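The structure appears right after this line, and notes come after that.
The values are calculated or read from the model by the stated rules, or taken from the named source; none is laboratory data. This is a predicted model, so every value here is computed, not measured. No Cβ is skipped: glycine too gets one built from the backbone with ideal geometry, and neighbour counts run over all protein chains shown.
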Amino acid sequence: MRKLKLQMQMTVDGFVAGPNGELDWMTFGSDDALSKRINELTDTSDTILLGRKMTDGFVDYWTSVLENPDSPEYSFAKKMVNTPKVVFSKTVKESKWANTTVANGDIVEEVENLKNKDGKDILVYGGASFVGSLIKNNLIDEYHFFVNPAVIGKGMTIFGEIEKTQKLKLVSSTSFECGETELFYEPQK
C-alpha cells in the first residue's frame with residue numbers, strides 16, 4: 001500500500017499561512033541541503049494531492065517558472081507540472097489543469113482508493129482546510145513539517161478540525177543552514 005506523505009511549510013507557532021493566505025514569512029533562498037531534501041521527498045512519490053482552493057495558485061506558479069529555463073526552480077517546476085495531481089473539490093467537477101484529475105467523492109474512500117493503487121507514494125501539499133480534513137480522518141502516514149524561523153501570531157492552521165488527540169512519533173529532525181528545520185513524524189499506532 002502506498003503512503004500518503006504530508007509536506008508542509010509552517011511557522012514556529014504552527015501556522016501554514018497568514019490570515020489571508022500570506023506566505024511572506026517563508027524562508028526562501030539558496031540552501032542546497034534543504035533543496036536536496038525536498039527533492040528527495042518529492043522523488044518518492046508519483047502523485048500530488050491538493051485542495052481546490054490551493055490548486056490555481058500552485059499550478060499557475062509552477063507553470064510560470066517553466067517559462068524561465070534559467071530559474072533555479074526550473075527542474076523542480078518540471079516535476080510539479082509533470083507529476084499527476086488529484087484535486088479534491090465539492091464544487092469543481094472537471095479539471096482545467098494539465099496532468100490533473102478531480103476527486104468529488106468521500107475523502108476517506110478517495111484517498112484509500114489512491115493508496116491501494118500501484119505506484120510510488122503520494123505527496124500532499126495543501127491547502128490548510130484540505131490537509132485538516134486528511135488529518136482529522138487519520139489518512140496521513142508521514143508528516144514532514146518544514147518549520148520556518150518565523151512567528152506570525154495568527155493565521156491558517158491544519159489542526160483546527162481535530163476532534164481527539166492524535167499522537168505522533170518523531171522519526172527525525174534535521175536543521176538547515178537557512179534556519180528551517182524538518183520535523184518528520186509518523187502517527188503512533
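When restricted to residues that are farther than 13 Å from Gln166 by Cα, in a helix (DSSP H, G or I) and not aromatic (Phe, Trp, Tyr), the range 107-137 contains 13. With respect to the stated conditions, Asp46 is touching a residue at least 24 places away in the same chain (Cβ under 8 Å) and not β-branched (Val, Ile, Thr). Candidates in the range 105-137 are the residues that are closer than 29 Å to Phe15 by Cβ and polar (S, T, N, Q); of these, the one that is surrounded by the fewest Cβ atoms within 10 Å (Cβ to Cβ) is Asn137. Selection within the range 111-153: residues that are more than 17 Å from the chain's Cα centre (by Cα) and not hydrophobic (A, V, I, L, M, F, W, C). The member of this set that is nearest to Thr42 (Cα to Cα) is Gly119.
For Glu161, state whether it is of a type in the set (Asp, Glu), touching a residue at least 12 places away in the same chain (Cβ under 8 Å) and outside any loop (DSSP other than H, G, I, E, B). Before the answer, list the steps.
Working: of a type in the set (Asp, Glu): yes; touching a residue at least 12 places away in the same chain (Cβ under 8 Å): yes; outside any loop (DSSP other than H, G, I, E, B): no.
For Glu161, the condition - of a type in the set (Asp, Glu), touching a residue at least 12 places away in the same chain (Cβ under 8 Å) and outside any loop (DSSP other than H, G, I, E, B) - is not met.
Against the definition (assigned to a loop (DSSP other than H, G, I, E, B), crowded, with 17+ Cβ neighbours inside 10 Å and either without any contact (Cβ under 8 Å) to a residue 60 or more places away in the chain or not basic (Lys, Arg) (or both)), how does Ile140 come out, yes or no? Yes: the conditions hold for Ile140. The numbered conditions (1) part of a loop (DSSP other than H, G, I, E, B); (2) at pLDDT below 95 are all true for Phe76 except (1).
Restricting to the range 1-25, and then to whatever is part of a loop (DSSP other than H, G, I, E, B) and touching a Phe, Trp or Tyr at 6+ places or on another chain (Cβ under 9 Å), can you tell me which residue is surrounded by the most Cβ atoms within 10 Å (Cβ to Cβ)? Even if it seems obvious, please write down each step before you answer.
Keep residues of the range 1-25 that are part of a loop (DSSP other than H, G, I, E, B), which gives 1-3, 12-16, 18-25.
Now restrict to residues that are touching a Phe, Trp or Tyr at 6+ places or on another chain (Cβ under 9 Å): 14-15, 18, 25.
Details: Gly14: 14, Phe15: 23, Gly18: 16, Trp25: 18.
Filtering the range 1-25 for residues that are part of a loop (DSSP other than H, G, I, E, B) and touching a Phe, Trp or Tyr at 6+ places or on another chain (Cβ under 9 Å), the one surrounded by the most Cβ atoms within 10 Å (Cβ to Cβ) comes out as Phe15.
The single condition from (1) loosely packed, with under 12 Cβ neighbours inside 10 Å; (2) under 22 Å from Cys178 (Cβ atoms) that Trp62 fails is (1).
Taken over the range 34-52, the criterion of being in contact with a Gly (Cβ under 6 Å, 6 or more places away or on another chain) and surrounded by fewer than 18 Cβ atoms within 10 Å (Cβ to Cβ) is satisfied by Asp46 alone.
Looking at (1) in a helix (DSSP H, G or I); (2) at pLDDT below 90, can you tell me which one Thr42 breaks? Status for Thr42: all satisfied but (2). Only residues that are under 20 Å from Phe184 (Cα atoms) and of a type in the set (Phe, Trp, Tyr) were counted in the range 17-47, giving 0.
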